[in-house]
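K.L.:
Structure in structure tokens, see below.
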Amino acid sequence: MSDSDVLIVGAGPTGLVLALWLTKLGVKVRIVDRTSGPGTTSRAMAVQARTLELYRQVDLARAVTDAANKVRQVHLWVRGKEVARVPFGEIGGDLTPFGFMYVFPQDAHERLLVERLERLGVIVERETELLSFVDDGEAVTAQLRTTPGEDKTCFCRFLAGCDGARSQVREATGIGFPGGTYQQTFYVADVVASGAAINDDLNVDLDQADFAAIFPMAGKGRIRLIGAIRDQAAAAPRRPLQFKDVSHRAIDGMKLDVQKVNWFSTYHVHHRVAEHFRRGRAFLLGDAAHVHSPAGGQGMNTGIGDAINLAWKMAAVISGQAPDRWLDSYEAERAPFARRLVATTDRAFGFVSAEGPLADALRTRLAPLLLPRVLSIEAAQEYIFRTISQLTLNYRGGPLSRGVAGHVHGGDRLPWVSEAGVDNHASLSAMTWQAHVYGGASAELKNWCAENAVALHQFRWSERYQSAGLAQDAVYLLRPDTYVAVADAKGSIAALDGYASDTGLRFQRPNGTSPAWPLRSAG
Ligand SMILES: Cc1cc2nc3c(=O)[nH]c(=O)nc-3n(C[C@H](O)[C@H](O)[C@H](O)COP(=O)(O)OP(=O)(O)OC[C@H]3O[C@@H](n4cnc5c(N)ncnc54)[C@H](O)[C@@H]3O)c2cc1C
């Protein structure tokens, strides 16, 4: 068995994206999974705009959007009536090239990621389970077992625990996973149905004692239904729950006629965040680090975001461009977002699933009055779109973020502007350090970029950039994961040099590629 820079445990969406990014960045990976093949159930349906923006880096965005259903609107129903709509498409079109919510089932998504990885020559090692590992401070020695019962040893620099909510990596590191589990049982069903709510959009019913959400799927009348099972009788039957056990009030409320059930499953929802995302050379990503309710379609997207955040930092540390402490910034940047997300989805989930007369009154009396008014305000619509699509997610105040220019801070996502056929996000498809100047760059800055092999992209100044929050003649230094590292209003090279010396970054790989590392042969 050959050694690798990074051993990735788990080939769910998080592990597959990590493998894809690291391989593109020239890092040698192994990826193992205990299952015999990719998942076969639809699970996470929503692919958010921010994920698609980042997927441009591996030429995946088009493949997903071509295969996905575009959700243009969210319809809210109460007691058999549609009470409000959020027009996603209209709001998002000015904010991102992917101004919709895209619905692409997780099983198809995983198959696509596996196929792309194979094109790069990386094959997921199936039926291979991580049993244990030892981190001696210089390297990790992992014990793997294949299904025929053969034990193998793998040596690697870093171990990435992408092994889901019951993570073995998390267990072995002793990192706590505090939080809780909701009492209710929830269901998910892929069905064929007809009715007014089969409209290619997302439909959500907030009813007296139920909630149900409908996601469109490819194929005539095919939808994904999710909801809570409330009736005590249904919650504790003597046989496995079936679709007929679901209380049909919310489904009937949306006037849905279900003709065929293709897949039905029940589950309990946990809300937990790991106490740490790193211990020594082991990292936790995706569901191994955070789990929460599927309300809002954030779980899988957040795992993918974790993978992209860690991948370029690992690549920089392995190639000697950045010191090991850069890897601490993974937890510093991702854990606060995960904690906020769990708190927010907790509140949202609490609202749609709470029982009792007060909760019912809020959902069925107050919400129908307030929601149409609140959701007709453009600023409220934009806020909702930005939050759900993860465009607002930023690393302001983090260890790798500096400065502010216009309304854009170090740590922000670069605002998207498409002006006269020029898309300012086009250059972000490169996984490299780069500088953007809207207006004119000084000769000094041009020289600095040339000397440091940082690509400089200049955009002719226009009002559109100002409206997006960008400042004229400022310099925005962008990280390989496209977030702003430095925003300097004066466009000065001192800010860039200061950043490199503060953080210990070298913009160029040192000669001779990777630093010395004690490679050992596997036993
Ligand atoms: C019913 C349902 C609906 C959902 N809906 C949504 C949604 O709409 N939107 C959303 O964003 N999210 C949703 N989610 C959540 C989403 O599915 C998860 O967030 C996502 O799968 C997490 O991906 P992951 O790669 O981190 O972990 P997983 O997908 O859990 O992958 C972990 C992998 O690790 C492997 N593994 C585990 N232990 C070991 C070991 N010791 N050795 C080797 N391999 C191991 C497992 O076999 C598995 O393949 C839903 C989840 C469920 C269950």
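The values are calculated or read from the model by the stated rules, or taken from the named source; none is laboratory data. None of the values given here were measured: they were computed from a predicted structure. All Cβ positions, glycine included, derive from the backbone under ideal geometry; neighbour counts span all protein chains shown.
K.L.:
Looking only at segment 276-288, count every residue that is small (Gly, Ala, Ser) and more than 9 Å from the ligand (Cβ to nearest atom) and tell me the total.
P.N.:
Result for segment 276-288: 2.
K.L.:
Does Tyr102 satisfy the criteria of being among the aromatic types (Phe, Trp, Tyr), at pLDDT below 95 and either at negative phi or within 16 Å of the ligand (Cβ to nearest atom) (or both)?
P.N.:
Yes; evaluated as a whole, the condition is true for this residue.
K.L.:
Here's another thing I want to ask about it. Which pairs have Cβ atoms under 6 Å, sit 6 or more apart or on different chains, and link a residue in segment 91-111 that is of a type in the set (Phe, Trp, Tyr) to one that is part of a helix (DSSP H, G or I) and buried (at least 20 other Cβ atoms within 10 Å of the Cβ)?
P.N.:
Phe98/Ala49; Phe98/Leu52; Phe100/Phe88
K.L.:
Could you go through segment 158-173 and let me know if any residue there is in a strand (DSSP E or B), buried (at least 16 other Cβ atoms within 10 Å of the Cβ) and more than 13 Å from the ligand (Cβ to nearest atom).
P.N.:
yes
K.L.:
With the structure loaded, tell me whether Val291 is within 10 Å of the ligand (Cβ to nearest atom), modelled with pLDDT under 90, of a type in the set (A, V, I, L, M, F, W, C) and on the phi < 0 side of the Ramachandran plot or whether it fails that test.
P.N.:
In short, no.
K.L.:
Filter segment 17-62 for residues that are buried (at least 23 other Cβ atoms within 10 Å of the Cβ) and of a type in the set (Asp, Glu) and give the result.
P.N.:
Asp33, Glu53 - these are the residues of segment 17-62 that are buried (at least 23 other Cβ atoms within 10 Å of the Cβ) and of a type in the set (Asp, Glu).
K.L.:
Does at least one position in segment 148-157 carry a residue that is of a type in the set (Ser, Thr, Tyr) and within 13 Å of the ligand (Cβ to nearest atom)?
P.N.:
The answer is no; no qualifying residue exists.
K.L.:
Here is a further query. What's the total number of residues in segment 174-199 that are outside any loop (DSSP other than H, G, I, E, B) and polar (S, T, N, Q)?
P.N.:
The total comes to 3.
K.L.:
Could you run through segment 122-147 and say how many residues are away from the ligand (no atom under 12 Å from the Cβ) and touching a helix residue (DSSP H, G or I) at 6+ places or on another chain (Cβ under 8 Å)?
P.N.:
Total meeting the criteria: 2.
K.L.:
Residues Ser427, Ser376: which one is on the phi < 0 side of the Ramachandran plot and outside the structural domain of Ala84 (by TED's automatic domain parsing)?
P.N.:
Every option except Ser427 fails the conditions.
K.L.:
Could you check Trp312 against (1) over 24 Å from Val134 (Cβ atoms); (2) touching a strand residue (DSSP E or B) at 6+ places or on another chain (Cβ under 8 Å) and say which number it fails?
P.N.:
Looking at each condition in turn, Trp312 falls short on (2).
K.L.:
Looking at this structure, is Asp328 under 22 Å from Gln106 (Cβ atoms) and among the acidic types (Asp, Glu)?
P.N.:
Considered against the rule, which asks whether it is under 22 Å from Gln106 (Cβ atoms) and among the acidic types (Asp, Glu), Asp328 comes out as no.
K.L.:
Restricting attention to segment 265-275, which residues are away from the ligand (no atom under 12 Å from the Cβ) and among the β-branched types (Val, Ile, Thr)?
P.N.:
Within segment 265-275, Val273 is the sole residue that qualifies.
K.L.:
Among what's in segment 1-30 and is more than 7 Å from the ligand (Cβ to nearest atom) and in a loop (DSSP other than H, G, I, E, B), pick the residue that is modelled with the lowest pLDDT.
P.N.:
Looking at residues that are more than 7 Å from the ligand (Cβ to nearest atom) and in a loop (DSSP other than H, G, I, E, B), I get Met1.
K.L.:
Show me the helices (runs of 4 or more DSSP H) entirely contained within segment 31-94 in which 3 or more residues are closer than 30 Å to Val124 by Cβ and away from the ligand (no atom under 16 Å from the Cβ).
P.N.:
61-67
K.L.:
If you scan segment 435-456, which residues turn out to be in a strand (DSSP E or B) and either modelled with pLDDT under 95 or touching a helix residue (DSSP H, G or I) at 6+ places or on another chain (Cβ under 6 Å) (or both)?
P.N.:
Within segment 435-456, Ala435, Tyr438, Leu456 qualify.
K.L.:
Still on this structure, please answer the following. Can you tell me which residue in segment 303-318 is surrounded by the fewest Cβ atoms within 10 Å (Cβ to Cβ), limited to those that are more than 7 Å from the ligand (Cβ to nearest atom) and of a type outside the set (A, V, I, L, M)?
P.N.:
It comes out as Lys313.
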